[in-house]
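First up is the structure itself, then whatever we jot down about it.
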Amino acid sequence: MATIVQFENVGLRYGSGPETLSDVSFSLQSGTFYFLTGASGAGKTSLLRLIYLAQRPSRGIIRLFGEDAVVLPRARMPGFRRRIGVVFQDFRLVPHLTAAENVALPLRIAGLPAGEIDTAVREMLAWVGLGPRADARPATLSGGEQQRVAIARAVINRPDILVADEPTGNVDPDMADRLMHLFGSLGNLGTTVVVATHDLHLLTRVPGARMMQLDDGRLLDPTGILRNPPPQSPSPPLVTA
Ligand SMILES: Nc1ncnc2c1ncn2[C@@H]1O[C@H](COP(=O)(O)OP(=O)(O)OP(=O)(O)O)[C@@H](O)[C@H]1O
């Protein structure tokens, strides 16, 4: 198994405020599934943004695919970013494109022939249960449907790393299970998956997943890695009083 992402003593400070992330060190292996947990404000989104190169650290070392990502020349950024699929908390679908056109975007950018793109997009939309909504624009989709389009777009070109910020926040428990299964199968195909979530129930859903826990900007295990998730437990009630 190769090391795909490596952080050494990474710190992140926004402006002149206190450090949002401090002394964060860990490494992520290919084909492994990681949950990133922590209270609201602990720094999960910030850590993901460092991984997908939307943010530079204030200090420390970040290596992606074996290369120093902090000093990566601007011209090489697009090549790196193509290897990283991102599911944003707020979806970021292109509003004037249909669901199918949104999902097709990474393949169009990669220059695949139209016929191949159409087949791949149809299969992916069917997989996330949106076959009949292929021609719908984002504004006419529910939050959960938009989230599934965002997930389909992030995984369609089989990225080396998939980073997902609360990817099940808007879907029901059945769909959350299916999406975790999809993410888990990507791991089996060699993709490194990092899912930030508040939903501790999800942690029981991916056998063999590892867990990273942030507490006020610090990884709880100072060596950075990692514990197995808690054993499988029954689903919580869908409705609470
Ligand atoms: N662009 C920014 N400028 C200034 N402060 C920021 C910025 N982005 C995040 N922060 C601050 O950094 C801290 C960590 O935020 P972050 O969004 O990474 O946490 P989180 O664990 O993802 O939270 P949540 O679970 O609520 O999404 C918070 O105090 C937040 O206010």
Restricted to segment 38-60 and to residues being near the ligand (Cβ under 9 Å from one of its atoms) and under 14 Å from the mean Cα position of the chain (by Cα), the residue nearest to Leu182 (Cα to Cα) is Leu48
Mind telling me which of the residues Val103, Val70 ends up being of a type in the set (Val, Ile, Thr), at pLDDT below 95 and either surrounded by 12 or more Cβ atoms within 10 Å (Cβ to Cβ) or assigned to a strand (DSSP E or B) (or both)?
-> Val70
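Among the residues of segment 9-19, is there at least one that is within 15 Å of the ligand (Cβ to nearest atom), over 23 Å from Gln146 (Cβ atoms) and aromatic (Phe, Trp, Tyr)?
The answer is yes; a qualifying residue exists.
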Pair list, Cβ under 8 Å, 6 or more apart: segment 201-221 residue free of Cβ contacts under 8 Å to residues at least 24 places away in the same chain, other residue part of a strand (DSSP E or B) = Leu220/Gln213; Leu220/Leu214; Asp221/Met212; Asp221/Gln213; Asp221/Arg227
Considering residues of segment 191-214 that are more than 16 Å from the ligand (Cβ to nearest atom) and among the aliphatic types (A, V, I, L, M) only, the residue nearest to the chain's Cα centre (by Cα) | Val193
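Kindly evaluate Val5 against the criterion of being within 15 Å of the ligand (Cβ to nearest atom) and either outside any helix (DSSP H, G or I) or farther than 14 Å from Leu219 by Cα (or both).
So Val5 does not fit the description; no.
The values are calculated or read from the model by the stated rules, or taken from the named source; none is laboratory data. Everything numeric in this text was worked out from a predicted model, so none of it was measured. Every residue, glycine among them, receives a Cβ derived from its backbone with ideal geometry; neighbour counts consider all protein chains shown.
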